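This report refers to the structure that appears directly beneath it.
The values are calculated or read from the model by the stated rules, or taken from the named source; none is laboratory data. A quick note: this is a predicted structure, and the numbers were derived from the prediction, not measured. Ideal geometry is used to build each Cβ from the backbone, glycine not excepted, and the neighbour counts take in all protein chains shown. Areas reflect the complete protein model, heavy atoms only, side chains present, ligands, DNA and RNA absent. Shrake-Rupley method; radii C 1.70, N 1.55, O 1.52, S 1.80 Å.
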Protein chains: 6
Amino acid sequence: MKIVYVTRRERFNAAHQMWNPKWDEAKNKATFGKCSNKNWHGHNYELFVTVKGEPNPETGYCVDLKEVSRVVNESVINHLDHKNINLEVPFMKGILASTENLTIAIWEQLEAKIAELGATLHKVRLCETENNFVEYFGEE
Amino acid sequence: MKIVYVTRRERFNAAHQMWNPKWDEAKNKATFGKCSNKNWHGHNYELFVTVKGEPNPETGYCVDLKEVSRVVNESVINHLDHKNINLEVPFMKGILASTENLTIAIWEQLEAKIAELGATLHKVRLCETENNFVEYFGEE
Amino acid sequence: MKIVYVTRRERFNAAHQMWNPKWDEAKNKATFGKCSNKNWHGHNYELFVTVKGEPNPETGYCVDLKEVSRVVNESVINHLDHKNINLEVPFMKGILASTENLTIAIWEQLEAKIAELGATLHKVRLCETENNFVEYFGEE
Amino acid sequence: MKIVYVTRRERFNAAHQMWNPKWDEAKNKATFGKCSNKNWHGHNYELFVTVKGEPNPETGYCVDLKEVSRVVNESVINHLDHKNINLEVPFMKGILASTENLTIAIWEQLEAKIAELGATLHKVRLCETENNFVEYFGEE
Amino acid sequence: MKIVYVTRRERFNAAHQMWNPKWDEAKNKATFGKCSNKNWHGHNYELFVTVKGEPNPETGYCVDLKEVSRVVNESVINHLDHKNINLEVPFMKGILASTENLTIAIWEQLEAKIAELGATLHKVRLCETENNFVEYFGEE
Amino acid sequence: MKIVYVTRRERFNAAHQMWNPKWDEAKNKATFGKCSNKNWHGHNYELFVTVKGEPNPETGYCVDLKEVSRVVNESVINHLDHKNINLEVPFMKGILASTENLTIAIWEQLEAKIAELGATLHKVRLCETENNFVEYFGEE
């Protein structure tokens, strides 16, 4: 039983702002700097979804990556692409729109859906810029 | 007199929306699709500024790229980074926030400033995503 | 009338072989080396299609890149992706499957279609590997 | 005793097809889609081989990466580059040519050879496209 | 308590040479090849620093990446950028200038400083070229 | 007679310093900043050599890129890789080691050699970092 890790990359472009509604503008500005701009800014996000499992002897696939791509698009990308993360994304409602929180929320959207494909979600990596990225392995 | 072309890359993250204020929502939606989202979306823009000139025999430089970088930051990046292109950028006021128009506007911000450095602005390339980019050479 | 150059990237994965049917195996081997392997090899090709034109004042677009993408997919990618360039691609019939010839053939597929979109085809760049690429500007 | 992980990248271009010989054409087509094309398609594969060990106090190296490169070329790349994975690769005989299976087979080619260099094979990562890759750590 | 891994990329350009002062020139040449050139060579190093921790419910951040960047610049980059690793870097004094040793030394510079930010240093990845990189997780 | 442009990428790692020997240390420091470090620094240079010509109807090649690669390695890379550009490179003797001057010098090394292959040298692009590059087309 050989366990492999298979990764699919997807992308989305979204607007967001870093803002804690419990704080006044001065504290938001002091904490988040230019990321707190009330008029929003945005990113080209790159999302890497890694699943683990054994290759199926009939197909050679751990899981059909077309299926992984479909699930990631239905559960994640369609809710985020060309959207405002703070205002429009159901699974980010009431959550600070940091890359950390978004990465965890994407994991939660995907975990059961990947299990339905017969594989195990192993890692979500979300790249905000070429210099910054976050990874979550479901650790609690 | 050997002419070289020297390029400096800079980056900015911004929000925008594709929207023609002379049209109603239906026509904007039909024309611009998800790019017309009223709640904005955004990108990691990559900007490549190319200047031409002869290397100075004293320095080996066509122009000091630290100076090019300073000028591009002062005239362009500081106005765009973590901003809303439609709402906050003086040189985009009243202009549709397409990559084409933004590339031309960046050229116009830079042309005289690069000349003051003793070089000639040759090209502005602006990449909106890994799949789409626009170049402008000042052609009219 | 400001002229901008707009580029769209598309990708395809294909098999090919370098083989001149007028030559025997020894000469093909001597000329093309391992690229002449009769059992084929393949590449992830990256295609950059650059069109030129003025931004439309109503849309800010030189041409809608979704339309460019549709045309490139219909006329080029659908014929090449997951295909054998030597055996299956109508517009490469009887043509040596070099990157040079493929780049020219892609230009010929696209030139009229891009004109129908109201823009002018300016350049086709085709990357075979990270180390090798070919560009064609329609020069004859 | 500080343990570091050292990675070497190598590349190869190959043709393959997804095909289960126990199935008829219709089932292969239904399962593998365009990847089942009988005339083959191909990829630029990127291979990352990670070994672990302690830096040698005499050389500062965990292992000489020139040696890792030599071993990877002799044992893996020379058998795959400009080849047909289904038809020509000894260590893939009778194995479905998926990235998963190829990654595991590459591990098996390398594990003992890396040990002979005094290091331990830790991971094989094989990238098929910019969107898909597989990793294997020898887990059974 | 969800644990995320957050990575910051920084870069530096430096000169070095592979040389064991206990050996004569012939043995250094035989061991290190062209990397032993007495007149030095150099690289564009890419450094990825990964820290782990829980997102702060007030900020959504595991740690402010601006702070990580400041610490990495003060403790590491400022000592390495545009420097000679063999001659000028305090924390590499007496240590062979291999990527392995440099990666470990960077870990040692950062571990306590990252702890002061309230996070835990998880990994240092140092890329010497596009083909070679080293990772250290603090394993002893 | 269709003219295509074919590009080959090669790489080298070298040390250099920006220093005008006619100036004292203070003026060098004021002009070149940290690039004037007497103990050198270095880069991973990426070199793109573009040649133009017609595809040969017998081979489909404008020029055999293996030949271009051989010429670039013999005439350029072997003199620069793992070398000190100021001290050891014959064709840079007495020339300030800027990217501009190095790009022109590489052009001069290659122009006649590419002509011997039956093609025309069109462009040399030399990338010093991911943010800075120089191009030369032989313009005087």
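Results, tabulated for the structure shown:
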read-out: Two-decimal Rg to Rh for the protein assembly as shown - Kirkwood Rh, Cα set; value: 0.94
read-out: Theoretical FRET efficiency, 1/(1+(r/R0)^6), r = Cβ-Cβ of D:Lys29 and D:Thr129, R0 35 Å, to 0.05; value: 0.95
read-out: Chain D - Rg (one decimal) and Dmax (whole number), Cα, Å; value: 16.7, 60
read-out: Label spacing, shortest first and in nm, from E:Asp24 to its equivalents in the remaining copies (7 angstrom along Cα→Cβ); value: 4.5, 5.6, 7.7, 7.7, 9.2
read-out: Global geometry of segment D:64-140, whether rounded, prolate or oblate, following the gyration tensor of its Cα atoms and the 1.5 cut on a/c; value: prolate
read-out: Computed [θ] at 222 nm, helices only, for chain A once each DSSP H run of length n ≥ 4 contributes -39500 (n - 2.57); value: -8000 deg cm²/dmol
read-out: Cα lying deepest toward the dipole's positive end in segment A:1-120, options A:Tyr61, A:Thr31, A:Val4, charges on Cβ; value: A:Thr31
read-out: Rounded to 5, percent antiparallel among DSSP beta bridges of segment F:7-88; value: 85 percent
read-out: Fraction of accessible area attributable to carbon and sulfur, segment F:1-136 (%, probe 1.4 Å); value: 49 percent
read-out: Share of alpha-carbon pairs per 5 Å distance bin for segment C:23-92, given as whole %; value: 3, 12, 16, 16, 13, 11, 9, 8, 5, 4, 2, 1, 0
read-out: Charge tally in the Cβ shell below 15 Å around B:Glu100, where Lys, Arg are +1 and Asp, Glu are -1, B:Glu100 excluded; value: -3
read-out: Copies compared at A:Asn131 - label distances in nm, ascending, label defined 7 Å from Cα in the Cβ direction; value: 0.8, 2.8, 3.0, 3.0, 3.3
read-out: Distance (nanometres) between label positions extended 7 Å along Cα→Cβ at F:Phe91 and F:Arg70; value: 1.8 nm
read-out: Sequence-distant lysines (8 or more away, or on other chains) whose Cα lies within less than 16 Å of D:Lys27; value: D:Lys38
read-out: Charge context of B:Asn39, other residues only, Cβ under 15 angstrom, K/R +1, D/E -1; value: +3
read-out: Rotational relation B to D, axis-closest Cβ in chain B, residue and distance rounded to whole Å; value: B:Glu130, 4
read-out: Point-to-point label distance, C:Ala112-C:Lys22, nm (Cα→Cβ direction, 7 Å offset); value: 2.8 nm
read-out: Of E:Lys66/E:Lys123; B:Lys2/B:Lys123; D:Lys52/E:Lys66, those spanning more than 22 Å from alpha-carbon to alpha-carbon; value: D:Lys52/E:Lys66
read-out: Heavy-atom accessible area, 1.4 Å probe, ligands and nucleic acids excluded: residues of segment A:59-75 down by at least 20 Å² from chain alone; value: A:Thr59, A:Gly60, A:Tyr61, A:Leu65, A:Lys66
read-out: Whole-Hz couplings from phi, Karplus 6.51/-1.76/1.60, listed for segment D:85-96; x for Gly and Pro; value: 5, 6, 9, 10, 9, x, 7, 10, 4, x, 10, 4
read-out: Interface area, C with B, accessible, probe 1.4 Å, both sides summed, Å² nearest 100; value: 2000 Å²
read-out: Segment E:7-24 residues near the modelled F:Asn39 label - backbone nitrogen below 20 Å, point 7 Å along Cα→Cβ; value: E:11-22
read-out: Fraction of antiparallel bridges per DSSP, chain F only, in percent to nearest 5; value: 90 percent
read-out: Accessible area (Å², per residue) of segment B:1-96, counting only protein heavy atoms and a probe of 1.4 Å; value: 41 Å²
read-out: Kirkwood Rh and Cα Rg combined as Rg over Rh, evaluated for segment A:1-59; value: 1.34
